[in-house]
1. Pairs only if they're at least six apart or on different chains, beta carbon under 6 angstrom, first in the stretch 116-127 and closer than 13 Å to R143 by Cα and modelled with pLDDT of 95 or more, second in a helix (DSSP H, G or I) and not charged (D, E, K, R); list them, first residue then second.
2. Which residue is modelled with the highest pLDDT, if the candidates are limited to the stretch 21-60 and must be in a helix (DSSP H, G or I) and either farther than 30 Å from R106 by Cα or among the polar types (S, T, N, Q) (or both)?
3. Given the conditions (1) at pLDDT 75 or above; (2) in a loop (DSSP other than H, G, I, E, B); (3) surrounded by fewer than 16 Cβ atoms within 10 Å (Cβ to Cβ), and given that S18 satisfies all but one, which numbered condition is not satisfied?
4. Restricting attention to the stretch 138-153, and to residues there that are charged (D, E, K, R) and surrounded by fewer than 18 Cβ atoms within 10 Å (Cβ to Cβ), which single residue is farthest from L223 (Cα to Cα)?
5. Can you tell me which of (1) modelled with pLDDT of 95 or more; (2) under 16 Å from A100 (Cβ atoms) is the one S164 doesn't meet?
6. Does at least one position in the stretch 87-108 carry a residue that is under 21 Å from V210 (Cβ atoms) and outside any helix (DSSP H, G or I)?
7. Restricting to the stretch 181-209, count the residues that are of a type outside the set (G, A, S) and either outside the structural domain of L223 (by TED's automatic domain parsing) or surrounded by fewer than 14 Cβ atoms within 10 Å (Cβ to Cβ) (or both).
Amino acid sequence: MFAHLPLLVDDKDGRCRSGGVTWPCAYRDQGFLPEAMVNYLALLGWSLDDKTNIFSRTELVEHFSLARVGKNPAAFDVAKLEWLNGHYIRSSGAHDVATALAPFCREEGLPVDSPAGFAVLEEVTPLLTERMKRLSEAPSMIRFLFEEPRPDDKAAAALAGQESYLAEVADRLQAVEKWTTAAIEETMRALAAERDLKPKKAFQPVRAAVTGTLVSPPLFESLEILGRERTLARLRAQT
């Protein structure tokens, strides 16, 4: 007996996918986990039931049958693939995700091969999992932990005219007794309340000064990982 799954078509124009990315390794290089790719490709033309979208390879092997293979072409929906990939990233342990992230960081020149570098990567990984759809998104978000940042255009705009405020933030943080996420957050929120500043106005200049971008892992946790000395040095460099 001979059988095949339905043809794959583009989710935008309904044409057969003859162009674009077709080699599986290319999806790996774009930051998709193997588990997500297997899960998603299985859904293209086949279904476990009428509601299940997430299943393991073991479940796929156990339940696959030609009876649930559809006849109509299957649309290749990158957004759904990214959703599945995000699920598998969040479902994995920090060490496993950090190990998967290491090649992407290495390719972008981040020093994660040393024990100290990998330890930083593993520490920050839990802060990234809710923000990533692809592993390839991580290096730009964590570069500030490994090298001095250069503010991008949006960060530079957020820094404009904030010299005195950033100086006060630095003074308050320097007085923090224990450099922990909770203490950092309490200190910065207290200053924001004194200045009657909403969170965006209070925290974006600090994020811009410390990370060089407005897109980063959660701020207070990031400052703890970065450390007191480097945080204060970066804040004071803007004053």
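1. From residues that are closer than 13 Å to R143 by Cα and modelled with pLDDT of 95 or more, the pairs are V120/L145; L121/A98; V124/I142; V124/I225; T125/A94; T125/V97; T125/A98.
2. N39
3. Answer for S18: the failing condition is (1).
4. D153
5. If we test S164 against (1) modelled with pLDDT of 95 or more; (2) under 16 Å from A100 (Cβ atoms), just (2) comes out false.
6. yes
7. 7
The values are calculated or read from the model by the stated rules, or taken from the named source; none is laboratory data. Everything numeric in this text was worked out from a predicted model, so none of it was measured. Glycine also receives a Cβ, built like all others from the backbone with ideal geometry; neighbour counts cover every protein chain displayed.
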